[in-house]
Every structure is written in structure tokens, then in C-alpha cells.
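*Asks:* My questions all concern the structure below.
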Amino acid sequence: MSEGLRVAVVGATGLVGTEMLKILEERKFPIRELVPVASRADGRTVRFAGSDHEVVAISEEAFQGIDLALFSAGGGPSKTWSPVAAAAGALVIDNSSAFRRDPDVPLCVPEVNLEAARNPKKGIIANPNCSTIQMVVVLKPLHDAARIRRVVVATYQAISGAGASAVAAFREQARAFGNERPVPKGAIGDVLAGDLLMHWSRDVATGYQEEELKMVHETQKILGDDSIRVSPTAVRVPVAMSHSEAITIEFERPLTPGLAREILSQAAGIEIVDDFTRGRYPKPSDATGTDPVYVGRIREDVGNPGGIQLWCVADNIRKGAALNAIQIAEGLMPLKG
Ligand SMILES: NC(=O)c1ccc[n+]([C@@H]2O[C@H](COP(=O)([O-])OP(=O)(O)OC[C@H]3O[C@@H](n4cnc5c(N)ncnc54)[C@H](OP(=O)(O)O)[C@@H]3O)[C@@H](O)[C@H]2O)c1
């Protein structure tokens, strides 16, 4: 590691941070020095490139000399520390929702709008919400072909979207549920095993969940088109990893399922799994640990001829968070010299 960048991974002990370390190593990201950052330094280490690296507490000093800071530590820490890291000269890529709606902060999915992320005004680039990322990878090529007017989406979101403690609580609940024991509420304060939930982040004024409104605003910002209407419903399902989405799309010009399939099969970041007669369609268990956005069940919308319905699945920790952030960094690296 004598050449390359000095990279800080903020939230290095969390679900997304851990996956980031894995992906940085897998993709041989050019790192000269890794600085794993968390809420405190208490002797913890993370494994990277064959050696243990001591976790440092978040502080101004932690960002001195850092070229790239990958933040996944939640909105509060990002709001406070991303500007500090950027002022110290780092390019910040932030996984939280803290800056996503800031007009001076690009919101980027490399397959869709990498160009928007070049020379960010504040030195900060926002990584979109996990559900939005996989959806816009699919929408963009279809929008280019037939102009999208409206999207109706229902998400089937994995527990891992709520972090490491939620996954641990869910696994404990699933064991109790399977053994017909009383199910403990655990760290999440709710029973997820055997149920569907949709009240983790209520926006009381609109009746929507914040997660749903993120899909509206972020889709419009990333596709650069405020006229696209998005009608979302987000549901947390008892699946540990990978988000699934049922998407209905209405176009300005009619699109056939055959053409939609052809367009999507040539699009970057997408893999088609669509042989419904043989029972082949994307499943969260197949997507987990992999990079593509999987698309299947591509069909004409029976309620709106000329429109399309489809099913898409992606690993929310990889493409929905860690991988997307690293792909942004890879796309912009030539600019960092
Ligand atoms: N999970 C997903 O699907 C997903 C997708 C997209 C975006 N995100 C976003 O990514 C972020 C992290 O999610 P996660 O699932 O990885 O959560 P997580 O498993 O709970 O991990 C949180 C990480 O943040 C660190 N942290 C907490 N408070 C901190 C502070 N004040 N200063 C520095 N570090 C702090 C924790 O360090 P300690 O170990 O010291 O507590 C831990 O490393 C969130 O903003 C989330 O919205 C998550």
C-alpha cells in the first residue's frame, strides 16, 4: 500500500462500514492508508488487506491528510463531521440522509448520473437511500427510451436496512418464532419475525413514512426530472438481507415488455432473471452478497396497456449502500489525480 489514497471509513464497525472494507479489498481500491473511524476508540480493530487496523474515535485529527472519507455512521455524525472532513481536504461520500436534499450536494448513482458528482461544491457527495438506488438503476434506461410519467412502487425491505443491531434482534426473534417460544422484542422494540412493519419513520403531516418520501424526492433529483410522479409504499419484511421492489411504470410513449427487456439487458449494473414459466425470478437470497440489480417479471401492465410492471431485487448493503459509494469514488478518482 505504498501508493494510493488515504481513506477514512467512518462507521467502520457497522453493517455498511464492514461491507465497505470488504468491497474496497475485493475491488483492489488503491489505498495507501486505511483509517477506520467509529464513535469511540476502545481497542477494537477491523481486518483489512490481511492486517488488523485499530479503530479510531471520530475527531478533527482523524481527518487530517485524508483524501477520501466514506461516511456510514448515521445522519447526526454525518451532519457534524462531513463538513469537517471536507474542510480538511477529503472528498466525502456520505451514506446518510443528511445532505441528500441539499441542492449544493450531488446525489449520485454512477450508472445514472456520475457526471453530476464531479467537483462537488461542498466537497460532499450524497449516496442515495438504498431503495432509491436499485429503483433508479432500472428506471433510467427506460426513462431515456420512453419518458416516465409515473412510478408506483411497493418495497419489501430487508431488516439489514435498519443496521447491525436490528439484524441481531431479528435473528434472535426468528429462532424463537421457529421454536414456538415467546418472541422477544429485542433492540428494535418490535417483533419482525412473522410480521410486516411500516411505521419506523412516520411523517405525520403527510401520512407517509420518511423512507417513502425519500424515494419521491431522490428519484426526481437523480433523474433530474421533477415531473416524474412517484407513489411509494415501503414495507419492512422478515428477510435479513436484500431489498425487493414491485414497480409499475407509466410512460409518455408506450413501451412493450420485449423492448423493455432488451433495453434493461443492455443497461449497466442490471442482470435479467426472467423466466417466469420455469419459476425463475429475482429473489433476495440469490441477490445477497452480489453486486447487480436483478430484474424479472417484466410484463405489460394489465391495468395500463403501454406501461410496464416488473420486480427488482438488490443487496441493500452492497449496491444499496457500500458498493454504490465506492463506485462513485472509483468514477471520480481520475479527478483526484
Ligand atoms: N443498512 C442499510 O441498508 C443502509 C443503506 C443505505 C444507507 N445506510 C446508512 O448507513 C449508515 C450506517 O448504517 P449501518 O446499517 O451500517 O448501521 P450500524 O450497523 O448501526 O453501524 C453504525 C456505525 O456508525 C458508527 N457510529 C455511530 N455513531 C457514531 C458517531 N457519533 N461517530 C462516529 N461513528 C458513529 C458505529 O460505531 P460504534 O461501533 O462505535 O457504535 C458503527 O460503526 C446510516 O446512516 C444508514 O442510514 C444504511
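The values are calculated or read from the model by the stated rules, or taken from the named source; none is laboratory data. Note that the structure is a prediction, hence the values are computed from the model and not measured. Reconstructed Cβ throughout: ideal geometry from the backbone, glycine too, with neighbour counts over all protein chains shown. We work out accessible area using only protein heavy atoms, side chains counted, and drop any ligands, DNA or RNA first. Shrake-Rupley method; radii C 1.70, N 1.55, O 1.52, S 1.80 Å.
*Asks:* Restrict the search to the range 39-75; then list the GluC sites (Glu not before Pro) that DSSP places in a loop and that have at most 12 other Cβ atoms within 10 Å of their Cβ.
*Replies:* Numbers: sites: 54, 60, 61; in loops: 60.
Qualifying residues, ordered by number: 60.
*Asks:* Sticking with this one: Could you put 33, 262 in order of accessible surface area, largest first, with the 1.4 Å probe and the full protein assembly present?
*Replies:* Accessible-area ranking of 33, 262, largest first: 262, 33.
*Asks:* What number comes out for the charge environment of residue 145, summing +1 per Lys or Arg and -1 per Asp or Glu over other residues with Cβ under 11 Å away?
*Replies:* Details: positive: 140, 147, 253; negative: 144, 252, 262.
Around residue 145, the charge tally is 0.
*Asks:* On to the next question. Find out how many positive minus negative residues lie around residue 251, taking Lys and Arg as positive, Asp and Glu as negative, among other residues whose Cβ is under 14 Å from that of residue 251.
*Replies:* Numbers: positive: 140, 147, 149, 150, 229, 253; negative: 144, 225, 250, 252, 300, 301.
Counting the neighbours of residue 251, the net charge comes to 0.
*Asks:* Further question: Take the solvent-accessible surface of the protein heavy atoms, probe 1.4 Å, and return the percent of it on the chain that carbon and sulfur atoms account for.
*Replies:* It is 50 percent, rounded to a whole number.
*Asks:* Considering only the other residues whose Cβ falls under 10 Å of the Cβ of residue 293, what net charge follows from Lys and Arg at +1 and Asp and Glu at -1?
*Replies:* Working: positive: 319; negative: 111, 245, 271, 291, 315.
Within the 10 Å Cβ shell, the charges total -4.
*Asks:* For the chain, give the share of DSSP beta bridges that are antiparallel, in percent and rounded to the nearest 5; count only bridges with both residues there.
*Replies:* Once the DSSP bridges in the chain are tallied, antiparallel ones form about 45 percent.
*Asks:* On a 29 Å Cα-Cα criterion, which of the cross-link pairs 121/214; 28/221; 22/185 come out too long?
*Replies:* 28/221; 22/185
*Asks:* On to the next question. Please identify the GluC sites (Glu not before Pro) of the range 127-218 that satisfy two criteria: DSSP loop assignment and at most 11 other Cβ atoms within 10 Å. Which are they?
*Replies:* Answer by residue number: 180.
*Asks:* Further, regarding this structure: What are the chymotrypsin sites (Phe, Trp or Tyr not before Pro) within the range 102-211 that DSSP puts in a loop, where the Cβ has at most 12 other Cβ atoms within 10 Å?
*Replies:* none
*Asks:* Using the Karplus equation 6.51 cos²θ - 1.76 cosθ + 1.60 (θ = phi - 60°), what ³J(HN,Hα) coupling, rounded to whole Hz, does each residue of the range 153-161 give in order, writing x for Gly and Pro?
*Replies:* For the range 153-161, the Karplus curve yields 10, 10, 9, 10, 8, 6, 4, 4, x Hz.
*Asks:* Sticking with this one: Among all the lysines, which ones have a C-alpha under 21 Å from residue 283's C-alpha, if same-chain residues fewer than 8 places away are not counted?
*Replies:* Residue 283 reaches 319.
*Asks:* Mean Kyte-Doolittle of at least 0.5 and a Cα length of 15 Å or more along the axis: which whole DSSP H helices of the chain meet both?
*Replies:* 15-26, 130-146, 323-336
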